[in-house]
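A.B. asks: The structure that follows is given in the form of structure tokens.
The values are calculated or read from the model by the stated rules, or taken from the named source; none is laboratory data. Quick caveat, the model's predicted, so the values are computed rather than measured. Note that each Cβ is placed from the backbone with ideal geometry, even for glycine, and that neighbours are counted across all protein chains shown. Accessible surface is based on the protein model in full, side chains and every heavy atom, while ligands, DNA and RNA are left aside. Shrake-Rupley method; radii C 1.70, N 1.55, O 1.52, S 1.80 Å.
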Amino acid sequence: MKNLIRVFKNKLPHVFIIFALLILEAYCDLSLPSYTASIVDIGIQNADLNYITNIGTLMLIMVAISVFATIGVSYFSSRVSSGYAKDLRKVIYTKVLKFSNHELNRISRSSLITRSTNDVNQVQNVLGFLFTTLFFAPILGVGSIIKAFELGGNLSWIIFITFIAVLILLIIIVIRVLPYFKITQEIIDKMNRTAREILLGIPVIKAFVRQDFEQEKFGYVNEEFRDVNLYVFRNLFVLMPAMTLILNLMIVLILYFGAYDAISGNILTGDIIAFIQYSTQIVFSFIMIGGFIIMLPRFLVSARRIAEVLNMELSITDGDITSISDNPTIEFKNVSYSYPGSEKETLKDINFKLIPGKTTAIIGGTGSGKSTILNLIPRLQDVTDGEILIDGVNIKEFNLKVLRDKISFTPQEAILFQGTVKSNMQTGKRDATDDEIKNALNLAQADFIEDIEQEVAQGGSNFSGGQKQRLSIARAIINPHDFYLFDDCFSALDMNTEAIVKSNLDNIAQNSSILFVSQRISTIKDADEIIVLDNGEIIDKGLHEDLIDRCEIYSEIASSQMEDSSCHL
Ligand SMILES: Nc1ncnc2c1ncn2[C@@H]1O[C@H](COP(=O)(O)OP(=O)(O)OP(=O)(O)O)[C@@H](O)[C@H]1O
């Protein structure tokens, strides 16, 4: 929770203003019943119109000040709560951007969305409520109790009984709904996850005619959410009528016993009216505090879920070295890797070097660990054993930004962002000029782009798979880097285009290290070193011609591709 409080610190000046306004509001509200009593007991009793007018004017002024203070409180509390929600969302996203795959596996992406939207909203709502009620209720409640006791000591027991009744009611409701607040947030996570999966899988769902099944799946979560909400609100809805009943019973009791006291001369009529007003204010304070107590568990559940994100220990930490020499060598030294929670080693004792000016390629069957090797270089995940060295220094010792600035990484899935072709290219080079963008598009053979201001839909859904690949290659080569990592991102290019793009790449990256991952022999056959990976282990390394002769797996892949696609090796 410390992180949540830290974010709140800059809101404190406004909180003090709110507090001052609340005291002003409470002072005005507390003075009104006394004035009413004076009008009844002095003004009406003595038929003194002048007195009634003076006190009445004073009451109007108090009401005006109270209204002014209420408006001020609402204004500042909405400023504080919505500003806090904005700051929270910002720190959550800043933190999430530092997450490695390890952290993203621990808190799912759909849960991260719920936490930064719905959970932050819950915190915002409770915060707004906190200022307008919880701060105000004790001031008004305690003030009213003092005033009520001053007026009618004999009737004070009625307030005590009312307090006990309200307390019992609140305890019953809190016990009944408390466990359901956590469940509600978890069901929202589940609903987001299901909806996201269905929306992303619409083409597959349609192709396999699975609409009914998916509808049923979503319907089930939806109904679960409705049932929990219904239960919670059914309990909460009891609160208001029950509170009104208690309030009315209290007024009847005061009138009944107050009448006895008035007849015996122990209390004045005006004081009974004022006593009723103070007692009503006391009950309203209880209601406000009760409402807050009911909202509190929901707030705590959401706050804890946000704190879990903010407190998440990062598995990838920054190193201190802030410079890397030009065109360094990367060396994998006895590297092994296991995914968190998996007992199996995905990579076992990997050794190879990326040398400036040379092209290295990795080939291997599905799931052999090719992408995992690539992810280790920009430290998207860290080795579990062994080390990766840059010019002899462990990559963990370098500042992450400095390290990643050296690397151009193109993942297997071509990821484009909503915006324009230009904005996507500028992800590769922030200040890329139009000419640089056009040149990169040209080198990547993305000649289908007529205008760099052309719109890119979310996820690049308005481009074909092959077009997306070319755009992501253009983005990767727009800025010179020391290392170019391509994870199977030539697979949708035809042989001719692939050859042109690779030759362009060789020209612009003459002194850099290039690492290709591919399942296609045609992509890798010209590499200076080809690494054959099988089941997480390097089974051979060398040139295409040598591997064809001596490596059984490599020659099998090569011959199967010759048969399948008449590829000329
Ligand atoms: N996030 C993950 N959590 C657990 N296991 C994973 C994760 N990602 C990959 N793996 C496992 O690690 C192994 C290697 O995966 P990797 O993606 O590196 O293979 P690959 O050779 O690139 O496969 P492909 O050619 O299909 O892209 C696979 O068995 C896979 O199941």
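A.B. asks: Which of the following residues is surrounded by 17 or more Cβ atoms within 10 Å (Cβ to Cβ) and assigned by TED's automatic domain parsing to the domain that holds F352: I373, I437? Quick ask: steps written out before the conclusion?
C.D. replies: Values: I437 fails: assigned by TED's automatic domain parsing to the domain that holds F352.
Among I373, I437, only I373 is surrounded by 17 or more Cβ atoms within 10 Å (Cβ to Cβ) and assigned by TED's automatic domain parsing to the domain that holds F352.
A.B. asks: I've got another one for you. Does M243 satisfy being of a type outside the set (F, W, Y) and either open to solvent by 70 Å² or more (accessible area, probe 1.4 Å) or within 40 Å of the chain's Cα centre (by Cα) (or both)? Explain how you work it out, then say what you get.
C.D. replies: Details: of a type outside the set (F, W, Y): yes; either open to solvent by 70 Å² or more (accessible area, probe 1.4 Å) or within 40 Å of the chain's Cα centre (by Cα) (or both): yes.
Taking the combined requirement at face value, the residue satisfies it.
A.B. asks: Need pairs with beta-carbon distance below 8 Å; first residue polar (S, T, N, Q) and within region 200-216, second at pLDDT 80 or above and assigned to a helix (DSSP H, G or I); sequence gap 6+ or separate chains.
C.D. replies: Cβ pairs passing all conditions: Q211/I205.
A.B. asks: Please enumerate the residues belonging to region 446-478 that are open to solvent by 40 Å² or more (accessible area, probe 1.4 Å) and in a loop (DSSP other than H, G, I, E, B).
C.D. replies: Passing the criteria: D447, F448, E450, D451, E453, Q454, S461, N462, S464.
A.B. asks: Run down E529, E537 and say which single residue is closer than 27 Å to G367 by Cβ, within 16 Å of the ligand (Cβ to nearest atom) and among the charged types (D, E, K, R). Can you show your working first?
C.D. replies: Values: E529 fails: within 16 Å of the ligand (Cβ to nearest atom).
Of the residues listed, the single one that is closer than 27 Å to G367 by Cβ, within 16 Å of the ligand (Cβ to nearest atom) and among the charged types (D, E, K, R) is E537.
A.B. asks: N424: open to solvent by 60 Å² or more (accessible area, probe 1.4 Å), in a helix (DSSP H, G or I) and within 13 Å of A474 (Cβ to Cβ), yes or no? Let's see the steps before the verdict.
C.D. replies: Numbers: open to solvent by 60 Å² or more (accessible area, probe 1.4 Å): no; in a helix (DSSP H, G or I): yes; within 13 Å of A474 (Cβ to Cβ): yes.
No; evaluated as a whole, the condition is false for this residue.
A.B. asks: List pairs: first residue in region 326-355 and closer than 16 Å to S513 by Cα and at pLDDT 90 or above, second residue part of a loop (DSSP other than H, G, I, E, B) and within 16 Å of the ligand (Cβ to nearest atom) anywhere in the structure, Cβ distance under 7 angstrom, at least six positions apart or on different chains.
C.D. replies: I330/I377
A.B. asks: Still on this structure: Do we have any residue at all in region 319-336 that's within 16 Å of the ligand (Cβ to nearest atom) and within 28 Å of N118 (Cβ to Cβ)? Outline the logic, then answer.
C.D. replies: Initial filter on region 319-336 (within 16 Å of the ligand (Cβ to nearest atom)): 332, 335-336.
Subset that is within 28 Å of N118 (Cβ to Cβ): none.
Among the residues of region 319-336, not one is within 16 Å of the ligand (Cβ to nearest atom) and within 28 Å of N118 (Cβ to Cβ), which makes the answer no.
A.B. asks: Taking the condition of being closer than 15 Å to G460 by Cα and more than 16 Å from the ligand (Cβ to nearest atom), how many residues in region 404-420 meet it?
C.D. replies: 5
A.B. asks: Can you tell me which residue is farthest from the ligand (Cβ to nearest atom) among those in region 89-107 that are β-branched (V, I, T) and either within 21 Å of I188 (Cα to Cα) or open to solvent by less than 20 Å² (accessible area, probe 1.4 Å) (or both)? So that I can check it myself, show each step before the final result.
C.D. replies: Narrowing region 89-107 to residues β-branched (V, I, T): 91-92, 94, 96, 107.
Now drop any that are not either within 21 Å of I188 (Cα to Cα) or open to solvent by less than 20 Å² (accessible area, probe 1.4 Å) (or both), which leaves 92, 96, 107.
Numbers: I92: 22, V96: 17, I107: 14 Å.
Only one residue tops the list, namely I92.
A.B. asks: Moving on to the next point. Does region 343-367 hold any residues that are open to solvent by 50 Å² or more (accessible area, probe 1.4 Å) and within 16 Å of the ligand (Cβ to nearest atom), and which are they?
C.D. replies: E343, K344, E345, K348, D349, T366, G367
Let's see how each residue does on (1) free of Cβ contacts under 8 Å to residues at least 24 places away in the same chain; (2) polar (S, T, N, Q); (3) in contact with a Gly (Cβ under 8 Å, 6 or more places away or on another chain):
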site	(1), (2), (3)
L471	no, no, yes
D487	no, no, no
Q510	no, yes, yes
I524	no, no, no
I530	no, no, yes
H544	no, no, no
Q561	no, yes, no
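A.B. asks: For residues in region 108-139 being among the β-branched types (V, I, T) and surrounded by 18 or more Cβ atoms within 10 Å (Cβ to Cβ), which is nearest to the ligand (Cβ to nearest atom)?
C.D. replies: First pass over region 108-139, keeping only residues among the β-branched types (V, I, T): 113-114, 117, 120, 123, 126, 132-133, 139.
Filter again for surrounded by 18 or more Cβ atoms within 10 Å (Cβ to Cβ), leaving 114, 120, 123, 126, 132-133, 139.
Values: T114: 21, V120: 27, V123: 31, V126: 36, T132: 46, T133: 46, I139: 54 Å.
The selected residue is T114.
A.B. asks: Only residues that are assigned to a loop (DSSP other than H, G, I, E, B), closer than 19 Å to L485 by Cα and open to solvent by 30 Å² or more (accessible area, probe 1.4 Å): list them for region 383-405, please.
C.D. replies: The initial filter retains those residues of region 383-405 that are assigned to a loop (DSSP other than H, G, I, E, B), namely 383-384, 391-392, 399.
Within this subset, residues satisfying the condition of being closer than 19 Å to L485 by Cα are 383, 391.
Selection gives D391 alone.
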